Each structure stands twice: as structure tokens, then as C-alpha cells.
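Below is one structure, written out as C-alpha cells; the observations come after it.
The values are calculated or read from the model by the stated rules, or taken from the named source; none is laboratory data. The shown structure was predicted, so the numbers you read here are calculated from the model rather than taken from an experiment. Every residue, glycine among them, receives a Cβ derived from its backbone with ideal geometry; neighbour counts consider all protein chains shown.
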């Protein structure tokens, strides 16, 4: 999944989520509209309330004016009433008249709290008792009297004699209780008449224009506004309920018709995707929906998946074939290097944090190069095929055999300790030993060196080291003539560590570059018959400020850094210097070890021409190891032949330590054969071995070669070697390597 | 007789009945129609009195007297005034003050009645004289109900010589309604108070004021004196020809016995069939016809005695 797909997936939502978001948006929109509408209703209601309040104020003002007018008119009417005139003219019966005609007769409405007649002098015709009307009319014709938190309107009207006579007979005083009068005379729609009361305050006589401010009231709640609010609220609730039900139905409908089938389809497709390597799906529908489009889509997906599955299976088959080819060795059918790498990394990952006992076995055919060169590549290939087959058969069931290259094989044994690995390795060698390689034309016995590294592995870091450790062990087995199965031990790391010691590297490199340091030591080689020294084998040492470095410390560096040629040439130059310095007795031969690399150098003869003048005083023998000579024979033969033409003898060194094929020896351009120290020791072992060595020595001698026995350390060995037919002897019995050998022991070669 | 007994009030405690509303409306209309003829005079008693006066070119003038406690706006009076005016009579219809200055409305029974029968007769005399002073040669006094009684009473005491005839419609006596149980103070009590000099106000039974006529004892007794017998005697004693017109169904104030009494006491009695005390309805036309007949049949002014 690329970054864009991840981004897309991360920001994608399910269809149900989108549906819910849509429904939520609708609900939110409705909520906003409803809220706005309700707010507008509230605004209208507020405006209506303000208007109602204003209307209430106006109504109250009109009512107040009506009451005042009514009081004035009632007083005027009263003033025109003939009986009032009668009482003012003849007041002797006033009390009776007032009681009977004004009070008991109930001539006035209930809000008229009192009526009194006053004489022209302003005094009441009778004492006023229990009324807010005064006993004496004041200057004010009209005023408001607040008494015991009640408001009274006091109105006086003059009583004239008659219509044509303006003489004032007296006054009528009328007392109205204001609030009841207002409620009765006023017409209230905006003012809530039930709330009209007098503001509390101290008793006082107040001007009439203060009337409105002395009242308190509340405006009516506008029924239209309230009803509109109720209608809108109820409508909103009803619409909200209907909308909610509709949204739920829409949600359920879309869920049932689309989302659920889509999700089922997605799950089914996911199952199909997950089971892409499984069986091809059937013909049933992915989902069953009431929507034709979904069913069509389902059919298309179904068909598409079937085709995809078929294609996938074809691709799997092809991939499997390619994978097998890519991970198999074409020659042997064993697993190849790529397979090894894959399996090894997989094993490392599996071993993460787990205890896993693993044995790593590395196989390498001994002298395969020689066999290949001897019998040809076709035979070599058949040998490799046979080895692969035999090794695979010898491994445990389930263990894989990997061909890492050439004649090198590896096997990784899981859950195997050292003993089990040893058993498997021995079984491999036994199977190889029993294999009739003669069938493919190989007469010599075929063996393999086996390096084993076993992990007690508590973590993968230990496993990682196994190939290197097995390689070191196999390298050790290669060098070991007797034990071809070698288990890795940490000492090998130390040897390897010496390779990389900075001291040895510096000294070896300096020596190879001709910067000095090479110090030749010479070990005598004596005649078996006379005991006189015939040659000295030049053995190289490298001296630095800390002392001498032995060949075992130096040559691994030379091998590793491919310093063979310059190092060998430095040795030659050092020997020349020693000869010129007369470190060697006159007439003593000099045996010089050269590597196959040097012997393959095209200009080697020219490089060594400096030795030619020395040949008159010191016969020169070039020693080349059996292995080098065999493996590089094709290339070194010309140089050896040329050297021999210059009078230089060729000695085959370490005969018996390697392949040691007599047939090889016959074709080798050598003059001298040096038996390895192990062959000399074999003379002291069981008779069969001794016989083999003795016969070999006899054949060498009969073929005309001189025979040097190395490693003679005892008189017994000297005797056996002499009896065997050795012409020359070398060993500590005759002298250790030294910088300047003693001249007395030197015997002239000639 | 009307019972409008208080100032016109918009907020009266008890709403009037439909008939009374119609009466008031009619009265109001007539009142408005008589505005042009309104007359206000200050009487020799010092009180201001109101009247409706329609002058005429001829010599004949009629003084219309309203009923007990009523005004000249009373419908029967107004119908008569209009009819007489249309027939060429000068018409004067005063509202008797009953002791109230500038009285414009009827007096209820419960009002204080401080004006005696004699003072009322004095006002009638003043108006008769005033009318005579206007130059009319032939005066006729037409009364209705108690107004007829007062016209009759006036005629007994030196009436103006120009008065030619009395037409007494729905003539009544000022005594309690026939059959009514006395509820007010008794005449004897009134006489006792009067004898004691006690002018206390008491409620008496006078005409339709059943136990509600509020007055000092002297005032009450001045009206109480005019009972049936006194009326019968007055009919016999009056020096002025008097015609009595009464409805056959007028039993409201005097009862059936009164009709019989009148038939014997009044030689010129007209009983208008199907008419009530107020000559409402078709009785109105019968009344007008009868009245005109009575006025036109009045004898000429008698020649002064040599």
C-alpha cells in the first residue's frame, strides 16, 4: 500500500458514517432553523409585549381620563339636580335627605365612595364622618387623595342658582375610589385589570396629574403572541418528531437497502481477498439485495473474482516454478546459494528471542581441483552431482542441502547439538566412502572436509557467526591430513585474529615491499649415505622491532593480501644477499620455497635470473608444495621447465600431505620429492602404513627422483628413512634452522 | 302617572323597563321639540320655574297642569300641548316647582317634599295670571291626574276671570291607592306631630307614594286633605264650568268606585272607552277629540255683571 493509498484509507469513512453525518447535518439544520424561528417568535413576542405595554399605558391613560370626566359629569349632574338646590336652599333636612337620597337610594355606582354638599362658604352641610371628603372644600376643584393605600378622586362642582343665574348656591363634593372606577369605566384589553392596584405610599393629597404614576399594573400577556408561540413550538415539536421518525426510517431504509449489503459485500470481498490462494469461489452471489444495482455489482465482482482467482492460481503455479528454479542448483538439484540465504535469514528471524540449537555443516570436496583437472569438467560435474545426492541422503530427513558454489555444500541442522552434528558428518563421510565413484571414472578415493559449528544459541547473534565459524573449521579440516571433520573452537578465532594483528600485517607488508625485515634461516639437508650437508632449506622469518615473526604468523597475511609474488621475490633477494654476505658455506645448495602464484608469474624466469650466477657456487632448488603444483600445474609447468633449463632443480614439497597421486608425480616436472613428516611418522606406525610409505619411496626412487625425508628427529627415524630409500634427510636430528649455518657440515653437491 | 324620581343617571342601579325607556325617549323627543318654547320664570316665591309656552295669535290659551310629582315633559301633557297648539290655542305647560328651584325632573316619592298644596296652588295662580297678562281673553285650564285636582282646587279660590273652563282629565283624589295597606305614618300621627310643632320628616301614604312620601307633617296633611269627598265637593263648588274626561279603564289610582262617584258628582263627565289613566294608544285620539270638543263648547266669557 503506497503512501497515497494509506492517506486515502486513513481519511476514508464508512458509508454508514457518511449517512450518519448527513442525517446529523439535517438534524443540525433543522435545529438551526427551529432555533432561528423560535428566536424570531420570541422577538415578535417581545415586540408584542412592548406594544401591549404601551397599549396598556394608553388604555390606563384613557381610563383615567374617563374616570375624571365621569366624576366631573357626575358632579355637574348632581349640581344641576333640583333636590340639591332644594337642600342648599333649605338644609334643615339635609342629613335625612343625604341618607335617604344619596346613600340609601344608591343613585351612584359602587365606586362612588361619598357625596357631600357644601355651602357657599365651603363648609359641608353636615359633618363629614368616615369619608375622604373634607369637611371644608379647599381651593382645589379636583385632586387625588391617597388614604390607607387607596386612591380617591375628589371632585367638586359648583351649584348655580339656575341656568340664567350664575350665583353659586354651594358645592357638591364627590368622592370616587379610583381603582374600582377605572376598572369599571375603562376598557382594557392590553392591561391586565386584575393587576391594577394602587402603589403603596403615605396618605397624601396629590395633584390629579399624578394619577397614572400612582397606579401599578401589568400588561396582559398577548394571547395572540402566546398562541403563536405555542403553535410554533408545537409545530416545531411535531415537525421535529416527524423529521426524526423520517430520518430514522431513511437511516433504516438506506442501511437495509444499501449499507448493509455494501458492508456484507465488502466483508465478502475481504474474505475472498484473504482466501485468494484458497479454492475458487462458487457461483453464489456475494450478497442478496433488494437493489438491482447492488445485485449487478455483486455479480460483476463475483465474476471478476473468479477470473482473478484463476489468474492468481496460474500465477502461483508459475511463481512456484520460478521460485523452485531460482532456489535450486541447476547442476545438482540441491538448494542453491539464494535458497540458503533466504532460509538462513528466515532462521535468524525465527530464532529471535528463542533458544535454538543449530549445527552448521560445511562440506568441501578434497582435491576437487585436481580431480577436475585430471578427469575433466564433465567428470567433475558428475562428481559434484554424486556428492550432492549422497550428502542429501546422508542428512536427516527434512534437512536441506545447499550448494554454495563449486564443490562446497552446506547443511543447517536445526535442533542438533555437537554430537548429532558429528554423527551426521560421519554418516556423510561414510556414505561418500562407500560411493562407487569409479562408476564415473574416478579411480582415487574421494573425501570431503567437514567444518562444523554448533550454536547453543540463545539469540540470533550467535547464529550469525555459524557460517564463519564453520568456514574456519572447514579450513582447519582441509589442512588436517587425519581429521577431516573439525568442530569449530574459539582458538580458531585467535589464529584468525593473528592474521589481523597489526604487528604481523605491518611486518609482512613491509617485507613484501622490500623494506626489510626478512630474515632467512637455514636448516641443513644431509646426505643419507654420507651424512654430509647437501643443501640448506631457506626458511623465512620476519624480524621487526619486537622480534621474529614465524611463517605461521606471516603467511596467512600473505595469503589474505595476495602478497605471494612480492614476498617470494623479497625472499629471493634476501637469500642473494645472504650468499653475497657468505652466510652460507661455499658449495652448499639452497632450497627456496616459492608459492604457486610466484611460479605462475610470466616474468618469473627474468626475476630469478639473478640466481643464475650463484648456481656455480650454490646449487638452487625451488620447492613447490604438492598442492600448489597439482592445482596450478598447467600454469607453472612452463616456468618450472624454464628454470630447470637454467640448472635449477625442482622439489615437490610435502609429498604425502595432500592428494599425493603417483600418477601426478609421473607427469610433474620435478627432480626431488620431499616426503612429508607424517609419512616419516607412518614408518613407525602399523606395518600397512609403513609398507605404503616404503613402496611409495621405492616407486619415487625407481622413477629416478631423489627422495628427501623431512622431520627426522631420531636415529630410528633416520634408519627407517634410510632403509626406505631416502637419499637425503632433514630434521632437528641434523640441525635446527639458523641464521648462519656451520660450514663444517657442508658437503659439496657435486 | 310617571315615576321618574331621580336625576337622569347613566349608571343608575336598576335599569328601566322597555316601556319606561320608550316613554323616556318620547319624552325626550317632545322635550327637544319644545325647546324653542321653553320658558323660565322666577316666581314670586323666589324660585325659578320652567315651562313650555307656545304663543298664539288668537284669544284662547290653555294652561296644562301635569300630574303628581311630574313635569310638563310628561307624555300625556306633551301630546295635549302639541294638539292644542296645532289647533290654534296658545299653550302654557309649566313644571310646578314643588319647592325646588329650577326643577326639571320628576320628583320621586322618597324626595323631600317641602312644598304644600297651597304653595302649589299659588304657583298655578301665578301662571294663570301670567298667561292672562299675555293678553289672552279666554283661558282654559286642562289638568291631568293630580293636575286636574289642583286645577279644580285653584278654581275654588278666586280664579282669574279669564278662565273659561276646566277640563279635568283622569281626575284623582290624593289618598292612598284603593285597597292598599297603609304603610306610612298615619294622618293622625301627622296631625299630632304638627300639633306638637314637630316638623320631622316622615314617610306617608300619598297617592302612588305608598309609605314613601317623605315630608314634614304639615306638607303631608296639605295633600292628604284632598281626598274623594273633598274632590266631590269641589266639583260641586267650582264657579268655573268643569268637564271631566276619564278613561273607562282608569282604575289605577282610584278604583272602580271612583268612576261611579264622578258620574254622580260631575255633570259633564266623559268616559272614554278603552282608555286608561294615561290615554295611551287609541285612547290618545279619543282624549284629544274629547278635549277639543270640550274647549270648543266652552261658553263665551260671561258678560260682566252690570
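Among the residues of region B:84-107, count how many are within 8 Å of chain A (Cβ to nearest Cβ) and out of contact with any helix residue (DSSP H, G or I) (no Cβ under 7 Å at 6 or more places or on another chain).
Total satisfying the criteria: 1.
Residues in region A:690-704: is at least one assigned to a loop (DSSP other than H, G, I, E, B) and under 20 Å from residue A:594 (Cβ atoms)? Explain how you work it out, then say what you get.
Step one: of region A:690-704, the residues assigned to a loop (DSSP other than H, G, I, E, B) are A:703-704.
From what's left, under 20 Å from residue A:594 (Cβ atoms): none.
Scanning region A:690-704, I find no residue that is assigned to a loop (DSSP other than H, G, I, E, B) and under 20 Å from residue A:594 (Cβ atoms), so the answer is no.
Scanning for something under 30 Å from residue A:228 (Cα atoms), more than 14 Å from every other protein chain (Cβ to nearest Cβ) and crowded, with 19+ Cβ neighbours inside 10 Å, does region A:62-76 turn up at least one residue? Show your work before the answer.
Let us first name the residues in region A:62-76 that are under 30 Å from residue A:228 (Cα atoms), namely A:62-63.
Still in the running and more than 14 Å from every other protein chain (Cβ to nearest Cβ): A:62-63.
The next check asks that each one be crowded, with 19+ Cβ neighbours inside 10 Å; those that pass are A:63.
Checked against the condition, which is being under 30 Å from residue A:228 (Cα atoms), more than 14 Å from every other protein chain (Cβ to nearest Cβ) and crowded, with 19+ Cβ neighbours inside 10 Å, region A:62-76 yields at least one hit.
Restricting attention to region A:77-98, and to residues there that are at the interface with chain B (Cβ under 7 Å from one of its Cβ atoms) and in contact with a helix residue (DSSP H, G or I) (Cβ under 7 Å, 6 or more places away or on another chain), which single residue is surrounded by the most Cβ atoms within 10 Å (Cβ to Cβ)? Quick ask: steps written out before the conclusion?
Of the residues in region A:77-98, the ones at the interface with chain B (Cβ under 7 Å from one of its Cβ atoms) are A:77, A:81-83, A:85-86, A:89-90, A:93, A:96-97.
Pick out the ones that are also in contact with a helix residue (DSSP H, G or I) (Cβ under 7 Å, 6 or more places away or on another chain) and you get A:83, A:97.
Numbers: A:83: 22, A:97: 27.
Top of the filtered list is A:97.
Exactly one condition in (1) more than 14 Å from chain B (Cβ to nearest Cβ); (2) over 60 Å from the mean Cα position of the chain (by Cα); (3) touching a residue at least 40 places away in the same chain (Cβ under 8 Å) is false for residue A:47; which is it?
So the condition that residue A:47 fails would be (3).
What strands (runs of 3 or more DSSP E) completely inside region B:61-169 contain at least 3 residues that are more than 25 Å from residue B:262 (Cβ to Cβ)? Break it down stepwise before answering.
Working: elements: B:90-94, B:138-144, B:163-169.
By residue number, B:90-94.
Go through region A:544-579 residue by residue and tally those that are part of a helix (DSSP H, G or I) and at pLDDT 85 or above.
Just the residues of region A:544-579 that are part of a helix (DSSP H, G or I), to begin with: A:551-560, A:564-579.
Next, from what is left, pick out any that are at pLDDT 85 or above: A:566-579.
Going through region A:544-579 one residue at a time, the tally reaches 14.
Suppose the filter is more than 20 Å from residue B:168 (Cα to Cα), modelled with pLDDT of 90 or more and either surrounded by fewer than 17 Cβ atoms within 10 Å (Cβ to Cβ) or within 14 Å of chain A (Cβ to nearest Cβ) (or both); does residue B:50 pass it?
Working: more than 20 Å from residue B:168 (Cα to Cα): yes; modelled with pLDDT of 90 or more: yes; either surrounded by fewer than 17 Cβ atoms within 10 Å (Cβ to Cβ) or within 14 Å of chain A (Cβ to nearest Cβ) (or both): yes.
Yes; evaluated as a whole, the condition is true for this residue.
When you look at residue A:213, is it part of a helix (DSSP H, G or I) and touching a residue at least 60 places away in the same chain (Cβ under 8 Å), yes or no?
On the way: part of a helix (DSSP H, G or I): yes; touching a residue at least 60 places away in the same chain (Cβ under 8 Å): no.
No: the conditions fail for residue A:213.
Residues that are more than 14 Å from chain B (Cβ to nearest Cβ) and more than 22 Å from residue A:85 (Cβ to Cβ): which strands (runs of 3 or more DSSP E) entirely in region A:153-208 hold 2 or more of them?
Working: elements: A:165-177, A:191-198, A:204-206.
Counting at least 2 such residues, we get A:191-198, A:204-206.
Just the residues that are touching a residue at least 12 places away in the same chain (Cβ under 8 Å) and in a helix (DSSP H, G or I), please, taken from region A:590-608.
Within region A:590-608, A:596, A:597, A:598, A:599, A:604, A:605, A:607, A:608 qualify.
On the phi > 0 side of the Ramachandran plot and either without any contact (Cβ under 8 Å) to a residue 12 or more places away in the chain or more than 60 Å from the chain's Cα centre (by Cα) (or both): is that true of residue A:587 in this structure?
Details: on the phi > 0 side of the Ramachandran plot: yes; either without any contact (Cβ under 8 Å) to a residue 12 or more places away in the chain or more than 60 Å from the chain's Cα centre (by Cα) (or both): yes.
Yes, satisfied.
Residue check, residue B:61 against (1) surrounded by 23 or more Cβ atoms within 10 Å (Cβ to Cβ); (2) touching a residue at least 60 places away in the same chain (Cβ under 8 Å); (3) within 26 Å of residue B:276 (Cα to Cα); (4) more than 14 Å from every other protein chain (Cβ to nearest Cβ), all met but one. Which one?
Condition (3) is where residue B:61 drops out.
In this structure, does residue A:101 turn out to be at positive phi and within 13 Å of another protein chain (Cβ to nearest Cβ)? Spell out the reasoning first.
On the way: at positive phi: no; within 13 Å of another protein chain (Cβ to nearest Cβ): yes.
In short, no.
Looking only at region A:104-128, filter to residues that are loosely packed, with under 15 Cβ neighbours inside 10 Å and in contact with a helix residue (DSSP H, G or I) (Cβ under 9 Å, 6 or more places away or on another chain); which one of those is nearest to the other protein chains (Cβ to nearest Cβ)?
Out of the qualifying residues, it is A:110.
Does residue B:196 meet the test of being free of Cβ contacts under 8 Å to residues at least 12 places away in the same chain and on the phi < 0 side of the Ramachandran plot?
On the way: free of Cβ contacts under 8 Å to residues at least 12 places away in the same chain: yes; on the phi < 0 side of the Ramachandran plot: yes.
Answer is yes for this residue.
Within region A:707-726, can you find the residues that are under 27 Å from residue A:576 (Cβ atoms) and at pLDDT 90 or above?
Taking region A:707-726 as the starting set, the residues that turn out to be under 27 Å from residue A:576 (Cβ atoms) are A:708, A:710.
Residue satisfying the conditions is A:708 alone.
Would you confirm, using the coordinates I've provided, whether residue B:40 is modelled with pLDDT of 50 or more and within 14 Å of another protein chain (Cβ to nearest Cβ)? Even if it seems obvious, please write down each step before you answer.
Values: modelled with pLDDT of 50 or more: yes; within 14 Å of another protein chain (Cβ to nearest Cβ): yes.
When the stated conditions are applied, residue B:40 passes them.
State yes or no: is residue B:112 within 14 Å of chain A (Cβ to nearest Cβ) and more than 13 Å from the chain's Cα centre (by Cα)?
Working: within 14 Å of chain A (Cβ to nearest Cβ): yes; more than 13 Å from the chain's Cα centre (by Cα): yes.
Spelling it out, residue B:112 is indeed within 14 Å of chain A (Cβ to nearest Cβ) and more than 13 Å from the chain's Cα centre (by Cα).
Please state which one of A:337, A:354 is closer than 20 Å to residue A:467 by Cα and in contact with a strand residue (DSSP E or B) (Cβ under 8 Å, 6 or more places away or on another chain). First the steps, then the outcome.
Numbers: A:354 fails: in contact with a strand residue (DSSP E or B) (Cβ under 8 Å, 6 or more places away or on another chain).
Testing whether each residue is closer than 20 Å to residue A:467 by Cα and in contact with a strand residue (DSSP E or B) (Cβ under 8 Å, 6 or more places away or on another chain) leaves just A:337.
Residues checked against (1) surrounded by fewer than 23 Cβ atoms within 10 Å (Cβ to Cβ); (2) within 18 Å of residue A:610 (Cα to Cα):
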site	(1), (2)
A:482	yes, no
A:488	no, no
A:506	yes, no
A:546	yes, no
A:552	yes, no
A:557	no, no
A:583	yes, yes
A:588	no, yes
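Condition check: farther than 30 Å from residue A:213 by Cβ and modelled with pLDDT under 85. Does residue A:162 satisfy that? Before you say what the answer is, go through the steps one by one.
Details: farther than 30 Å from residue A:213 by Cβ: yes; modelled with pLDDT under 85: yes.
Taking the combined requirement at face value, the residue satisfies it.
From the list A:248, A:254, which one is surrounded by fewer than 16 Cβ atoms within 10 Å (Cβ to Cβ), assigned to a helix (DSSP H, G or I) and at pLDDT 85 or above?
Numbers: A:254 fails: surrounded by fewer than 16 Cβ atoms within 10 Å (Cβ to Cβ).
That would be A:248, the only listed residue that is surrounded by fewer than 16 Cβ atoms within 10 Å (Cβ to Cβ), assigned to a helix (DSSP H, G or I) and at pLDDT 85 or above.
Away from chain A (no Cβ under 14 Å), closer than 18 Å to residue B:120 by Cβ, in contact with a helix residue (DSSP H, G or I) (Cβ under 9 Å, 6 or more places away or on another chain) and assigned to a loop (DSSP other than H, G, I, E, B): is that true of residue B:174 in this structure? Before you say what the answer is, go through the steps one by one.
On the way: away from chain A (no Cβ under 14 Å): yes; closer than 18 Å to residue B:120 by Cβ: yes; in contact with a helix residue (DSSP H, G or I) (Cβ under 9 Å, 6 or more places away or on another chain): yes; assigned to a loop (DSSP other than H, G, I, E, B): yes.
Yes: the conditions hold for residue B:174.
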